[in-house]
Structures are given as C-alpha cells and as structure tokens.
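For reference, the structure discussed in these notes is given below.
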Amino acid sequence: MKLLVRPSDETLLQTMQQLANRFLQGRFIFTCRRTDFLATPISGVQIFVLQKFTLDEIKLYFRSASKHVFRCSDEEVCAREPEFIKQALEHASEFVRNPLLLALIVWIYNVGQRIPDNRVVLYEECSELLFRRWDSLKEIDPEIPDAHWLFQLVTEIAHRMYLINRAEEGDTNSEWLTARALEFFRIVYDNDVENRARKAAERFVGHLTGRSWVLQERSAGIFEFTHRTFMEFYFARWLHDYYDGIQVLFTQVAPHIRAGEWEVPIHLAFQLKVAGKLRSAEA
C-alpha cells in the first residue's frame, strides 16, 4: 500500500491497523525509514530494526547486484569480489555498511572497475548517481525542479545546515527546509517569481518525504543528509564556489583551522580548488 499524500502519524497507524484487521489471514510487512515509530508500535506487530551491513552481507549484496543488475557471470563475480572488498574497505569503509551508499559504491565499481581513492572524486561520483536518480523522478512528476538547479540548492542547504544554530533556528524541519528552498528559487526564477518559487520549494520537500536521497526524512518532518560526508562535501563545494582563489579561501577559513573546526570541509574545499592545477596545488 502506498499513500500518495502524507497522513498524520495517527492516521497512518490507524490505516495500517485497519488493513491488518480486514485481512486477518494475510501477512503484512510494513517498512519505515523513521525510527520514531518505534515508540508508537501497532498493536500485535513485531518490530525489527535493520542494522548496518556486516562484511558477509556486503559481500552478498555485491554478488547479487553484480549478477542480477550488471549481468556478470558467476565466474566474473567471484573474480571481482576480493578486489572490490579490498578497495571498499580502504577507500569507502564508512559508506559500504549503509545500504543506499553501498549500492552507489557497487555501481561505481562495476562500471569503472575501481573505487576512487580520492575522496573528492568518490563523493562527486556518488553525488552524480544520486542526482541521476532524482532526474528519473521527472517521469513521475515533470514539475519537480531540474537536477542542475538542485545541485546548487543542496550546496546552499549544506552550508546552512552545517552552521545551523539550533538554539536560535530550531531543528531542520520541513518548514525550515521549505524556507531555504524558497529563498533559493526566488533568486533562480525571472517570471511569476513568488508562485514558481513556492511551488518548486514545496515539490522539492514533498519528494524528499519518505525517500532516501542526498537528503532524507530522519523522523516526522525532520530532515538531514543521508550521510554526514555528503553534508561535508556539499559544504566544501559552497566554500569552493563562494571564495574565489586559494588565498581568499585560506584567509576566510584560517580562524577555523586554528580552532580545529570544519576540518573535513576545509580539506575537501582546498582539494576542489587545486584539482588539475599543479601551481595551485604547490601553493
């Protein structure tokens, strides 16, 4: 059963209970990405919490995806598996225990026969795959914002979310996210700005609800990045885009370096600044 509109928690639980009561001889499996439902279980339903993948489960997923998605023979899968596991644990150990991120890593490896050892390249390739996934939603709803706009929007959201003062701004709920998206689309559009910006912001947040993407709904109406490394990567992109030149960037982030803050985003931002530029890299 797929609900096309988002019900309240109480309505959702009642609907699921009614369905189970109506078909007493049937067996049902309800899945939910939100952990807060553990506090409001449906009467008589046993709850299972999925844990992070073990090494054996990572191997099983790799074998299954390689065989059924990429059409590799059993011999090819067996030959590729040791090198995949070696590279995965060396270059993406924090990714491969998460089902969504493991799917990205398996895809990258099967397409290119390697997992990038450069973090910026790895994040960029994962990001590209996730944005392709968003583009596929256009077939469902052609009115959702295009992926090339969303990349800039997510970069801005990462900047605001990384630096958020929760004591003043509260949590990153749907209203907060809609407001950030609205600010962005007001700058993007030329004609009928307010109406188009509001519709785009609402559709953006609406399509995040119940889906696992770069951003996801952690609990009822509260959003976060699927993995902290994505937030750090997109914040690094914001730093790279906003501060033009290595010296300008260094001047701005130097106080945070001395304070031991923003360590990962700053490292990634400098990598983005010097990518393919020998003189800049030496500087």
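The values are calculated or read from the model by the stated rules, or taken from the named source; none is laboratory data. Computed from a predicted structure; not experimentally measured. We place every Cβ from the backbone using ideal geometry, glycine too, and count neighbours over all the protein chains shown. Surface areas here come from the heavy atoms of the whole protein model, side chains and all, with no ligands, DNA or RNA. Shrake-Rupley method; radii C 1.70, N 1.55, O 1.52, S 1.80 Å.
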Is it fair to say residue 236 is of a type in the set (A, V, I, L, M, F, W, C) and either without any contact (Cβ under 8 Å) to a residue 60 or more places away in the chain or over 21 Å from residue 175 (Cβ atoms) (or both)? yes
What about residue 232, is it surrounded by 19 or more Cβ atoms within 10 Å (Cβ to Cβ), at pLDDT 90 or above and out of contact with any Ser or Thr (no Cβ under 7 Å at 6 or more places or on another chain)? yes
I'm trying to understand the selection: among the residues of region 109-133, which are aromatic (Phe, Trp, Tyr) and under 14 Å from residue 271 (Cα atoms)? 123
Scope region 71-93; condition outside any helix (DSSP H, G or I), within 23 Å of the chain's Cα centre (by Cα) and in contact (Cβ under 8 Å) with a residue 24 or more places away in the chain; matching residues: 92
So, residue 164, is that one within 30 Å of residue 93 (Cα to Cα) and surrounded by fewer than 18 Cβ atoms within 10 Å (Cβ to Cβ) or not? yes
Of a type in the set (Lys, Arg) and over 26 Å from the mean Cα position of the chain (by Cα): which single residue out of 273, 277, 199 fits that description? 277
Kindly provide the set of residues from region 65-107 that are open to solvent by less than 10 Å² (accessible area, probe 1.4 Å) and either β-branched (Val, Ile, Thr) or closer than 22 Å to residue 236 by Cα (or both), ordered by number. 77, 92, 95, 96, 101, 105, 106
Go through 224, 217 for me and flag whichever is open to solvent by 30 Å² or more (accessible area, probe 1.4 Å) and either free of Cβ contacts under 8 Å to residues at least 60 places away in the same chain or not in a loop (DSSP other than H, G, I, E, B) (or both). 224
Which ones in region 51-64 are over 22 Å from the mean Cα position of the chain (by Cα) and open to solvent by 60 Å² or more (accessible area, probe 1.4 Å)? 55, 56, 60, 63
Taking region 111-124 only, how many residues are in a helix (DSSP H, G or I) and surrounded by 18 or more Cβ atoms within 10 Å (Cβ to Cβ)? 4
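Quick grid of which residues meet (1) small (Gly, Ala, Ser); (2) open to solvent by 50 Å² or more (accessible area, probe 1.4 Å); (3) not in a loop (DSSP other than H, G, I, E, B):
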| residue | (1), (2), (3) |
| --- | --- |
| 186 | no, yes, yes |
| 194 | no, yes, yes |
| 205 | no, no, yes |
| 238 | no, no, yes |
| 244 | no, yes, no |
| 248 | no, yes, yes |
| 255 | no, yes, yes |
| 272 | no, no, yes |
Taking the residues in region 28-46 that are hydrophobic (A, V, I, L, M, F, W, C) and either modelled with pLDDT of 75 or more or in contact with a strand residue (DSSP E or B) (Cβ under 7 Å, 6 or more places away or on another chain) (or both) as candidates, determine which candidate is farthest from residue 101 (Cα to Cα). 28
Residue 97: in a loop (DSSP other than H, G, I, E, B), in contact with an Asp or Glu (Cβ under 9 Å, 6 or more places away or on another chain) and touching a residue at least 12 places away in the same chain (Cβ under 8 Å), yes or no? yes
So residue 263 fits all but one of (1) crowded, with 16+ Cβ neighbours inside 10 Å; (2) more than 18 Å from residue 128 (Cβ to Cβ); what number is the exception? (1)
